[in-house]
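Worksheet: the structure to be examined is printed underneath.
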Amino acid sequence: MKIFYLIIMPVFLNLSITKAQNNSGDSIKTKAEKLKHLYVLSTASSSDMKDVYKQQFFDEFPNTFKGLNDLYGYENSKPAILYFESAAHILELFNNLQNINDTLYYKKIISIAINGHWDADAVNYFQHGLRNRTEFKPELIVYILKSLPEEQIKSFWYFYFDGVHPKKEIADSLLKIKSIDNKVYTLMLAAHQEILNQPKE
């Protein structure tokens, strides 16, 4: 009987792992299909439900940098499932959503930026929108950031400044953060300096 269990248990274990891996793949595929469908509905000129579909698109949009990369990025010389839709989905739609509650929108973009790093295409499109929103409402960014651990605050700013040619000057609209919250301001300066000190490739 023991021999039977020793033989059969690894088989069940392998099946469980395979099933979990398949479910993970199906999950990304399912999310991708939903986003593609909601993009079409959100941009259909004749739809009276545009705002509803835009809200649903926002809700389905990833909440982490890994999620963004898994759906839209380009890793290991391989495009992600929505790589070729990234300009339309991110640059044209997500970055320009105006019907979403500001706090919810800003919490999502901050969440995505944490642990992020610059990359071309999809990540660059997202970063472009993030920068515009951050400079437009620095007070709201600070309000959300100051409740996070210092490591995450610095990580957000690191992603904000990261790029092929990072700017040496900080935008004027961000300098007033000093009068809003000195800790967030100090971490912003530290992240900016860290980016500038990176060795050039």
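The values are calculated or read from the model by the stated rules, or taken from the named source; none is laboratory data. Computed from a prediction, not measured in an experiment: that's the story for all the values here. The protein model used for the area step is the full one, side chains on, heavy atoms only, and it has no ligands, DNA or RNA in it. Shrake-Rupley method; radii C 1.70, N 1.55, O 1.52, S 1.80 Å.
Quick notes on this structure:
- Highest-MSF residue in the chain out of HIS89, HIS37, HIS165 [GNM, Cα springs under 10 Å]: HIS165
- For the chain, accessible area per residue (1.4 Å probe, heavy atoms of protein chains only), Å²: 60 Å²
- Mean Cα-pair separation over length for the stretch 72-172, i.e. relative contact order, pairs under 8 Å, 6 or more apart, %: 31 percent
- Nearest-ten-degree value, helix 182-196 long axis tilted from longest Cα axis of the chain: 70 degrees
- Under 16 Å of direct C-alpha separation, and excluding same-chain neighbours fewer than eight residues apart, LYS146 reaches these lysines: LYS107, LYS108, LYS137, LYS154, LYS176, LYS178, LYS183.
- The stretch 25-114: C-alpha gyration tensor shape, a/c 1.5 cut-off, then a/b vs b/c: oblate
- Whole-number Å³ per residue for the convex hull built on Cα positions in the chain: 179 Å³
- The radius of gyration of the Cα set in the stretch 56-100, together with its Dmax, comes out at 10.9, 36 angstrom.
- The mean sequence separation of alpha-carbon pairs under 8 Å and at least six residues apart, normalised by the residue count of the chain, gives a relative contact order of 16 percent.
- Among MET188, MET49, the sequence by solvent-accessible area, most first, with a 1.4 Å probe is MET49, MET188.
- What a 1.4 Å probe finds exposed on the chain is 55% carbon and sulfur by accessible area, rounded to a whole percent.
- Tilt relative to the chain, helix 102-113 - C-alpha long axis, 0 to 90 degrees, to 10: 70 degrees
- Shape class for the stretch 73-128: oblate, because the ratio a/c of the largest to smallest gyration tensor axis (alpha-carbon atoms, square roots of eigenvalues) is 1.5 or more and b/c is at least a/b.
- Choice from LYS36, LYS108, LYS176 showing the highest fluctuation, given a GNM over the chain with Cα pairs closer than 10 Å: LYS176
- Kirkwood hydrodynamic radius (C-alpha pairs) into Stokes-Einstein, the stretch 28-78, 20 °C and 1.002 mPa s, D in µm²/s: 182 µm²/s
- Estimated Rh, the stretch 86-197: Kirkwood, alpha-carbon pairs, angstrom: 14.1 Å
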